[in-house]
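The values are calculated or read from the model by the stated rules, or taken from the named source; none is laboratory data. What you see is a predicted model; the values in this text were computed from it and never measured. Virtual Cβ from ideal backbone geometry, glycine too; neighbours counted across all protein chains shown. Each accessible area value is taken on the protein alone, full model and side chains, heavy atoms only, with ligands, DNA and RNA left out. Shrake-Rupley method; radii C 1.70, N 1.55, O 1.52, S 1.80 Å.
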Amino acid sequence: LLGACTESFWLVYALQALFIIGLRIRHSWAISKGTPTQPGMMLYYLDLCWIANFMLAFSFMAVLVEVLEERFLGSRRVGALNARAVSQAPTAGLIASLIATGPLGWSVFVLPCKMVLHDIANYANTWIHLWPVFTTLSLRWA
């Protein structure tokens, strides 16, 4: 997928972000409410890795809403704000690429990231560090 369809790799990331981030937050919320020893489990999402993924997923979802609106409605009422925000901030893509290929990319080698597909905690940990690298590089190659 990365080599064959580089122009639509961001779409796969955006859809996976909805699923994986939502499932991971639900899992952490259940852990923090169930055990009184970990009340600050939700503060874990203020880490750079999670904030970068939230911002990247939000920007891709804004672009997706804009594309779907223009394609099916033929107007730009809802996504007009998103279009202006994305087109008037060209350095945002550079900053996102630098963060993704810098700290997020190298943390895969430094942190204990395990690709365990049946455990959402380990899978989400690997996903938030590895997929932004692939996504920003695919945008650069497209």
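Could you sort His129, His27 by accessible area so the largest value comes first, with the probe set to 1.4 Å?
If we order His129, His27 from most to least accessible, we get His27, His129.
For Phe134, Phe109, give the ranking by accessible area with the largest first, probe 1.4 Å.
The most accessible residue leads, giving Phe109, Phe134.
If Lys and Arg each add +1 and Asp and Glu each add -1, what is the summed charge of the other residues whose beta carbon sits under 15 Å from the beta carbon of Ala124?
Computed value for this residue: +1.
Between Val67 and Ile120, take the C-beta separation as r, use R0 = 35 Å, and let me know the FRET efficiency to the nearest 0.05.
Computed FRET efficiency for Val67 and Ile120: 0.75.
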